[in-house]
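Following: one structure in structure tokens, then a few remarks.
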Amino acid sequence: MTIGIALSPFALDAPGNAVDTAVSLGESALAAGVSSVWFGQTLSYDAIALAGIVGRAVPGLTVGTSAVPITARHPLLISSQAQTAQAATGGRFTLGLGLGAKFLADPVFGGFGGSFDRPITRLREFLTALRTVLHTGTVDFHGETLTAATPLPAAVAGAHPPAPILVAAMGPQALRVTGELADGTLPFLVGPKALAEHIVAPLTAAAERAGRPAPRITVLVPGVITADLDAARAAAAAQTTFYDDIPSYARVIELSGASRAAELVVIGDEDLIAARVAEYFAAGATEVVFSQTDLTTPEDQRRTWAVLGELQRSQVG
């Protein structure tokens, strides 16, 4: 059981060089004692490339993406990126993928473009092709939503072991495909009880039916240690309202007993953070990753990272 942090994309918007900032934050996270740092994909930096750079620059730190949408992407391109990051980090990279939201494929909105038709079929085919090329260096897959064939070898020297694949799956169909074809999941905005009953249980059952090992459950938990509860709650509401209208998130928010995403943000003192981490591990999480630790002040963020590092050391001890 390990503890990590997910960096906010806004943390890299500071003046200067975004890559240098990411490396510095990675060094600070490792110094605080957490085991991993995760990078979300936006419309600016490339999360896989950034994870590889930070992992190479900060020996001992595990890095991953949380998560790269497969909308408008191809498994051969993702394979090349993931293998390069795995080689760069000496095997400390985890590839986190997501279906993405339907509006990201909306031609009016723009976003990543592409099609959001038949998302579960596309997820199954994407994972099938991607897993094959990551493990064998070659693939010849012809599906209903994509084709992936390698006229030349597609292996990257030094990319060992094959990068684990986690999928930000929360719905029943996506969890079934993830259990069959991926190494685990990356749920976000789900409470401990809902995690145990509606994610861990069906995902584990799907993996068992497929003869796969027990899946990794890397749960992303928004939260911060602060004395300014009102400011933190206001910031949490502003940052998470976006998720209230996305059906997959709305479902797990409701299953968690909340009416909106902001209610699942953990805001309080050291004891509250420690208690919530314990609840997630008891619910079946194999890794707890705190996000939104920059909701308030840099000092609050440092306190949060320090406590998470202490909890990580207690897990190792």
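Roughly how many percent of the accessible protein surface of the chain is carbon and sulfur, given a 1.4 Å probe and a whole-percent answer? Mind dumping the intermediate values first?
Numbers: 7660 of 13360 Å².
C and S fraction of accessible area: 57 percent.
Work the Kirkwood hydrodynamic radius out for the range 261-317: mean of 1/r over every pair of different alpha-carbon atoms, inverted, in Å.
On the way: mean 1/r = 0.0832 Å⁻¹.
It is 12.0 Å.
I'd like the antiparallel share, as a percent to the nearest 5, of DSSP beta bridges with both residues in the chain. Working shown, then result.
Numbers: 3 of 35 bridges.
Given both bridge residues lie in the chain, the antiparallel proportion sits at roughly 10 percent.
Is the range 210-317 rounded, prolate or oblate when judged by the Cα gyration tensor, a ≥ b ≥ c being the square roots of its eigenvalues, rounded requiring a/c under 1.5 and prolate requiring a/b larger than b/c? Can you show the working numbers first?
Numbers: a/c = 2.23, a/b = 1.08, b/c = 2.07.
Because a/c hits 1.5 or more and a/b fails to exceed b/c, the range 210-317 counts as oblate.
Among Gln239, Gln81, Gln301, determine the one that fluctuates most according to a GNM of the chain built with springs between C-alpha atoms less than 10 Å apart.
Gln239
Solvent-accessible area of His160, probe 1.4 Å, all protein chains present, reported in Å² to the nearest ten, please.
Here the residue's solvent-accessible area equals roughly 130 Å².
What percent antiparallel are the DSSP beta bridges of the range 138-282, to the nearest 5? Don't skip to the end; give the middle numbers.
On the way: 3 of 11 bridges.
Bridges in the range 138-282 are about 25 percent antiparallel.
Which entry is the computed mean projected area of the Cα convex hull in nm² for this structure: (i) 19.4; (ii) 17.4; (iii) 15.8?
Identified label for the calculated read-out: (iii).
Per residue, how much accessible surface does the chain expose to a 1.4 Å probe? Answer in Å², no decimals.
Values: 13360 Å² over 317 residues.
Here the per-residue accessible area is 42 Å².
With a cut-off of 8 Å between alpha carbons and a minimum separation of six or more residues, what is the relative contact order of the chain in percent? Numbers along the way, then the final one.
On the way: 642 pairs, mean separation 60.5, N = 317.
About 19 percent, as a whole number.
Size of the dipole of the chain about the Cα centre, Lys and Arg at +1 and Asp and Glu at -1 on the beta carbon, nothing else charged, in debye to 20? Don't skip to the answer; put the middle values down first.
Details: 20 positive and 28 negative charges, 180 e Å.
In total the dipole reaches around 860 debye.
Along the Cα-to-C-beta direction of Glu299, a point sits 7 Å from the Cα; which residues of the range 228-262 have their amide N less than 12 Å from that point?
Flagged as within label range: 228.
Leaving out ligands, DNA and RNA but keeping every protein chain, what accessible area does Val34 have, in Å² rounded to the nearest 10, with a 1.4 Å probe?
About 0 Å², ignoring ligands and nucleic acids.
Of the candidates Phe242, Phe93, Phe39, which one comes out as most mobile in a Gaussian network treatment of the chain with C-alpha springs shorter than 10 Å?
Phe242
Please calculate the 1.4 Å probe accessible area of Ser314, with all protein chains present, and give it to the nearest 10 Å².
Surface open to solvent at Ser314 totals about 80 Å².
The values are calculated or read from the model by the stated rules, or taken from the named source; none is laboratory data. Fair warning: this is a prediction, and the values are worked out from it, not measured in the lab. As a convention, Cβ positions derive from the backbone with ideal geometry for all residues, glycine included, and neighbour counts pool all protein chains shown. Heavy atoms of the whole protein, side chains included, go into the accessibility calculation; ligands, DNA and RNA do not. Shrake-Rupley method; radii C 1.70, N 1.55, O 1.52, S 1.80 Å.
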